[in-house]
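Each remark here refers to the structure printed beneath this line.
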């Protein structure tokens with residue numbers, strides 16, 4: 001693996017780290033956000049879910065046009081909007097503005113994941129793609145093991161705003177690094193393209209894909225029905 005590939009992989013892993021941390025840190029902040037904004041668990045659930053719903057919508061819409069552009073530009077566009085939305089989460093004075101900021105972050109964040117994976121696929125040959133993907137997905141573990149506890153420490157030491165400012169500060173460092181070190185990625189523009197609807201029909205027409213989607217959705221549903229309320233329950237009832 002060349003040093004340029006290492007830099008690209010590190011930047012992509014850093015993007016994944018901040019992207020995942022932003023999503024995960026909302027859940028244990030419930031015990032701070034609900035009393036601060038005087039909102040119910042149902043309203044807090046809507047705030048948590050708003051990111052995923054908006055990311056789903058933008059990802060679905062994005063599949064019709066993102067392959068027409070340089071992957072680097074799409075990544076920078078999506079990540080910049082995501083960081084701006086995250087910073088606005090930190091300064092939101094009401095839960096309505098927090099909800100709006102989460103929606104904005106999700107709309108841009110929905111473009112990030114697919115671009116990161118596409119860049120890895122375009123940069124690394126098949127023989128080394130597994131190694132690259134393995135390193136990339138360590139960001140999830142680091143975000144869970146290091147990022148969330150650190151963010152909660154910042155929230156306890158300062159306020160609930162601090163984790164969002166922390167993610168925003170990392171993003172402000174990462175964005176110019178992407179612009180400087182990542183080369184334009186336009187090779188896919190030369191390839192013959194299938195129509196997006198045909199691709200969607202091919203994906204949804206596979207029973208294996210549908211089974212995998214159902215399994216993933218069930219796992220996520222089980223996690224996110226329970227996890228957001230573990231912290232508030234333990235603090236307020238135990």
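The values are calculated or read from the model by the stated rules, or taken from the named source; none is laboratory data. Source: prediction; values computed, not measured. So basically every Cβ, Gly included, is an ideal-geometry build from the backbone, and we count neighbours across all protein chains shown.
Hey, does the stretch 119-132 have a residue that's at pLDDT 90 or above, over 21 Å from the mean Cα position of the chain (by Cα) and outside any helix (DSSP H, G or I)?
No; the residues of the stretch 119-132 include none that is at pLDDT 90 or above, over 21 Å from the mean Cα position of the chain (by Cα) and outside any helix (DSSP H, G or I).
Pick out the one residue from 149, 184 that is loosely packed, with under 13 Cβ neighbours inside 10 Å and closer than 27 Å to residue 67 by Cα.
The match here is 184.
Just to verify a result, which residue in the stretch 29-47, among those that are crowded, with 20+ Cβ neighbours inside 10 Å and within 24 Å of residue 112 (Cα to Cα), is nearest to the chain's Cα centre (by Cα)?
Only one residue tops the list, namely 47.
Residues to consider are 167, 175, 203; find the one that is more than 21 Å from residue 48 (Cα to Cα), in contact (Cβ under 8 Å) with a residue 24 or more places away in the chain, surrounded by 11 or more Cβ atoms within 10 Å (Cβ to Cβ) and within 25 Å of the chain's Cα centre (by Cα).
One residue alone meets the criteria, 175.
Can you say whether residue 167 is modelled with pLDDT of 90 or more and assigned to a helix (DSSP H, G or I), as far as the supplied structure shows?
So residue 167 passes the test.
Out of the residues in the stretch 110-131 meeting the condition of being over 19 Å from residue 79 (Cβ atoms) and in contact with a helix residue (DSSP H, G or I) (Cβ under 7 Å, 6 or more places away or on another chain), tell me which one is surrounded by the most Cβ atoms within 10 Å (Cβ to Cβ). Please lay out each step first, then the result.
So the first thing to find is which residues in the stretch 110-131 are over 19 Å from residue 79 (Cβ atoms), and the list is 124-131.
Filter again for in contact with a helix residue (DSSP H, G or I) (Cβ under 7 Å, 6 or more places away or on another chain), leaving 124, 129.
Values: 124: 19, 129: 13.
The extreme case among them is 124.
Mind counting the residues in the stretch 206-238 that are more than 23 Å from the chain's Cα centre (by Cα), modelled with pLDDT of 75 or more and assigned to a helix (DSSP H, G or I)?
3
Table: residues versus (1) within 21 Å of residue 151 (Cβ to Cβ); (2) surrounded by fewer than 20 Cβ atoms within 10 Å (Cβ to Cβ); (3) touching a residue at least 40 places away in the same chain (Cβ under 8 Å).
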residue	(1), (2), (3)
59	no, yes, yes
64	no, yes, yes
68	no, yes, yes
71	no, no, yes
74	no, no, yes
77	no, yes, no
84	yes, yes, no
88	yes, yes, no
97	yes, yes, no
